[in-house]
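Written out below as structure tokens is the structure these notes cover.
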Amino acid sequence: HFLNWQQDPYSNYLARLVFTKPAEAMKFTVDLVAEMISINPFDFFIEQAAEKFPFVYDATLARELLPFLETQPPGPRLETLVRETRQADVRTIDFLVHLNRKVNESVGYVIRLEPGIQPCEETLTKRTGSCRDSAWLLVQLARQHGLAARFVSGYLIQLTADVKSLDGPSGPENDFTDLHAWAEIYAPGAGWIGLDPTSGLLAGEGHIPLACAADPITAAPITGSYSWTKL
């Protein structure tokens, strides 16, 4: 096979593979080394003009964020969710946390093996969805409020604590690694803030982003085509 590294319009790195001979099966094995350093997800500053929500992106920034502000026609359930989450004169970070928690409370997590992403109305009707369904719902909810948001695909790594907590939960009992999806919302000054609606928390050191895009289809882990030949 031939392997070439490319970049898409969002600067995500893509490995393009071309196979020169027929094969009966294909298997991808991912080996990842990540340096896990505890971080404070709230360690950022927001521009003074955007400290309170609602705010408006300036003309230049709004033009650059245009793909991340594009909305789909909202259905009745999404419209209701927008009304329920509407606030005024609140700290921007508090509003982002509010949106994230609202999606977390509205959608129960399930492992869904079907390909693709559920429409927001389907997710809100079923009140269940995979991590990618909740992430896309949060993206669309944020955009309905005029906030630039993007879809993130990557890994979630959760490690057992070296020392048990004395005054709260110690976290997972076993090391855990899996594919995961979450959302990022753009706040002037802070940049892209990662929000995980599956947990209702901000993205931390265990969230390893691989691709960020305005549309989830652009962040798919593997895409491609094949031709079938009768042997």
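The values are calculated or read from the model by the stated rules, or taken from the named source; none is laboratory data. Note that the structure is a prediction, hence the values are computed from the model and not measured. Cβ sites come from the backbone with ideal geometry, for glycine too, and all protein chains shown count toward neighbours. Areas reflect the complete protein model, heavy atoms only, side chains present, ligands, DNA and RNA absent. Shrake-Rupley method; radii C 1.70, N 1.55, O 1.52, S 1.80 Å.
A few comments on the model shown:
- Restricting attention to the stretch 170-221 and to residues that are closer than 17 Å to ARG112 by Cα and among the hydrophobic types (A, V, I, L, M, F, W, C), the residue that is surrounded by the fewest Cβ atoms within 10 Å (Cβ to Cβ) turns out to be ILE217.
- Condition check for PHE19: touching a residue at least 40 places away in the same chain (Cβ under 8 Å), open to solvent by 60 Å² or more (accessible area, probe 1.4 Å) and among the aromatic types (Phe, Trp, Tyr): no
- Inside the stretch 207-230, residues that are assigned to a loop (DSSP other than H, G, I, E, B), at pLDDT 90 or above and not hydrophobic (A, V, I, L, M, F, W, C) make up a count of 1.
- Unique match (being open to solvent by 20 Å² or more (accessible area, probe 1.4 Å), assigned to a strand (DSSP E or B), modelled with pLDDT of 95 or more and under 25 Å from ASN40 (Cβ atoms)) among ARG150, ARG101: ARG150
- Residue list for the stretch 4-22, filter: farther than 19 Å from SER227 by Cα and outside any loop (DSSP other than H, G, I, E, B): ASN4, TRP5, GLN6, GLN7, TYR13, LEU14, ALA15
Quick grid of which residues meet (1) in a strand (DSSP E or B); (2) modelled with pLDDT under 95; (3) under 22 Å from VAL103 (Cα atoms):
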position	(1), (2), (3)
THR125	no, no, yes
LEU138	no, no, yes
LEU141	no, no, yes
LEU166	no, yes, no
ASP178	yes, yes, yes
ILE185	yes, no, yes
GLY204	no, yes, yes
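- Taking the criterion of being assigned to a loop (DSSP other than H, G, I, E, B) and farther than 26 Å from ARG83 by Cα, no residue of the stretch 48-66 qualifies.
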